[in-house]
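The values are calculated or read from the model by the stated rules, or taken from the named source; none is laboratory data. All values derive from a computational prediction rather than experimental measurement. Neighbour counts are summed over all protein chains in view; Cβ atoms, including those assigned to glycine, are modelled from backbone coordinates with ideal geometry. What goes into the accessible areas is simple: the full protein's heavy atoms, side chains included, and nothing from ligands, DNA or RNA. Shrake-Rupley method; radii C 1.70, N 1.55, O 1.52, S 1.80 Å.
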Amino acid sequence: MTRTDQLRDSRVTPRRKVLISGASIAGPALAFWLNRYGFAVTVVEKASTPRDGGYPIDVRGTALEVVRRMGILPRLQDAHIDLRRLTFLDGDGGEVASVNPHTVTGGVAGRDLEVRRGDLTDALHTAVRDDVEFLFNDSIDTLHQSGHGVDVTFRGGGRRTFDMVFGADGLHSRTREFLFGPEEQFHRYLGYCFAGFTMRNTFGLSHELMMWNTPGRAAALYAVGDNDDVHAFLNFAHPEPPYDAFRNPEAQRDLVAAVFADAGWEVPGMLAAMRDADDLFFDAVSQIRMPRWSSGRVALVGDAAYAPSFLTGQGSSLALVGAYMLAGSLADRDHTAGFAAYEHNTREFVTVNQEQVCEGDAALFPTTARALEQRNDMLRNLSAMPSAEGRPAHSALTLPEFTPMT
């Protein structure tokens, strides 16, 4: 169908108006596909611009086909980081093993992608910015469902009615809270917290990651290229989510500093850099597990519905695949049938990827001396193995073709 035909049809059948909350990964991807299927799309985002920067992320398996169909695969291939070495260190800073990254991540060399988060969000925004409405510096204040649609009031004072609303607003989704109540009932804590930030690359690192471990603690320096900065990560086991620190950056810094106070290697310098970092990101390592992803005319996608945790490396890929499946399920259906199809056809793929981690003791972050030694033995064996052929979970869904409603 040509663009003229679409415009002619729109005069006969009014375009369904939808609102997406969140403009990171799932939101713009969903906007792209909904626009493709003839919806009038508005995206609201509390930040002032599309979010740039951020830690590196993976695009693997089924998600590669999504970005190929969006036409942004060549751009992401140009932005590929090409991590070449992953080195593990013991508590004294001595080398345990140096391995091909794909043997650990389950990625496929030469096919799967790792890009800076900002490169992916910029590619998604660029692909859709001329076709949908973006409302930056704003967010949903209230939403009320009725027989004719969803009445939304915005923090900025606006009021509008949409046929459907979508929450693509992340792990701590306010849209999910509006619909289903407090996060705690869906939050599956995996036993760890982490802090991430950037710092000066005074270590001579290039296209590599170095990770220091003691039981229950890990520190990593990740150089995505030959840049002046590295991504620093401090990960630690914690018995309960530190809810009092989530909205208090100083409390976050104090907690991390206390946990790593006696640590060796480069950790003291990392702690000093963390104190001055203006891009500190702190959170619990956790998943979102929900019995259903929609209610009435409102549905969730990406981390808001099924965050798998960074331990799987599949958060961005699930967001991309989920957005494609949600939009396609609505292409020739009303919201009731479309949401049901979305869940039916996507949940197995989500579940198999979420189940790549086990609660309380991730393979890369052992919490006991015995578990750490077992992990180190595994890594020493891996160092002699060829790169992986990819984990089946990453490609466990074959993307269907969807036909727009006529």
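Condition first: touching a strand residue (DSSP E or B) at 6+ places or on another chain (Cβ under 6 Å), part of a helix (DSSP H, G or I) and open to solvent by 30 Å² or more (accessible area, probe 1.4 Å). Can you find one or more residues in region 307-330 that meet it?
no
Restricting attention to region 15-40, which residues are among the polar types (S, T, N, Q) and either outside any strand (DSSP E or B) or surrounded by fewer than 24 Cβ atoms within 10 Å (Cβ to Cβ) (or both)?
Across region 15-40, the qualifying residues are SER24, ASN35.
Tell me which of these PRO268 doesn't satisfy, since it passes every other one: (1) outside any helix (DSSP H, G or I); (2) open to solvent by 40 Å² or more (accessible area, probe 1.4 Å); (3) within 27 Å of LEU221 (Cβ to Cβ).
It is condition (1) that PRO268 fails.
What is the one condition in (1) part of a loop (DSSP other than H, G, I, E, B); (2) more than 26 Å from ALA97 (Cα to Cα); (3) free of Cβ contacts under 8 Å to residues at least 24 places away in the same chain that GLU240 does not satisfy?
(3)
When you look at LEU83, is it touching a residue at least 40 places away in the same chain (Cβ under 8 Å) and of a type in the set (A, V, I, L, M), yes or no?
yes
Would a scan of region 353-367 turn up a residue that is within 27 Å of PHE246 (Cβ to Cβ), over 24 Å from the mean Cα position of the chain (by Cα) and polar (S, T, N, Q)?
yes
Residue check: is ARG116 over 23 Å from ARG36 (Cα atoms) and open to solvent by 20 Å² or more (accessible area, probe 1.4 Å)?
Answer is yes for this residue.
Is there any pair linking a residue in region 65-78 that is open to solvent by 20 Å² or more (accessible area, probe 1.4 Å) to one that is modelled with pLDDT of 95 or more, with Cβ under 8 Å and at least six apart or on different chains, and which?
So the pair list comes out as ARG69/TYR324; GLY71/ALA127; LEU73/LEU64; LEU73/VAL67; ARG75/ALA123.
Does any residue of region 217-234 turn out to be out of contact with any His (no Cβ under 6 Å at 6 or more places or on another chain) and closer than 19 Å to PRO308 by Cα?
So far as region 217-234 goes, yes, one or more of its residues are out of contact with any His (no Cβ under 6 Å at 6 or more places or on another chain) and closer than 19 Å to PRO308 by Cα.
For region 164-182, check the following and say yes or no: at least one residue is modelled with pLDDT under 95 and under 21 Å from THR367 (Cβ atoms).
no
Got a sec? Which helices (runs of 4 or more DSSP H) wholly within region 63-173 have at least 2 residues that are under 23 Å from ILE20 (Cβ atoms)?
73-78, 117-128
What number goes with the only condition from (1) within 25 Å of GLY315 (Cα to Cα); (2) modelled with pLDDT of 95 or more; (3) loosely packed, with under 15 Cβ neighbours inside 10 Å that ARG111 does not pass?
Every condition holds for ARG111 apart from (2).
Of everything in region 361-400, what is among the β-branched types (Val, Ile, Thr) and either modelled with pLDDT under 85 or surrounded by fewer than 14 Cβ atoms within 10 Å (Cβ to Cβ) (or both)? Give them in sequence order.
If the condition is that a residue be among the β-branched types (Val, Ile, Thr) and either modelled with pLDDT under 85 or surrounded by fewer than 14 Cβ atoms within 10 Å (Cβ to Cβ) (or both), then THR368, THR398 are the ones that fit.
Output the residue which, of all residues in region 174-190 that are assigned to a helix (DSSP H, G or I) and in contact with a Ser or Thr (Cβ under 6 Å, 6 or more places away or on another chain), is least open to solvent (accessible area, probe 1.4 Å).
Per the criteria, the residue is THR175.
For region 203-227, give me the residue count where each residue is out of contact with any strand residue (DSSP E or B) (no Cβ under 7 Å at 6 or more places or on another chain) and either without any contact (Cβ under 8 Å) to a residue 60 or more places away in the chain or of a type outside the set (S, T, N, Q) (or both).
Of the residues in that region, 5 qualify.
Name the residues in region 138-173 that are among the small types (Gly, Ala, Ser), touching a strand residue (DSSP E or B) at 6+ places or on another chain (Cβ under 8 Å) and surrounded by 15 or more Cβ atoms within 10 Å (Cβ to Cβ), would you?
Result: SER139, GLY149, GLY167, ALA168, SER173.
Taking THR403 and the conditions (1) modelled with pLDDT under 85; (2) assigned to a helix (DSSP H, G or I), which numbered condition does it fall short on, given that it satisfies the others?
(2)
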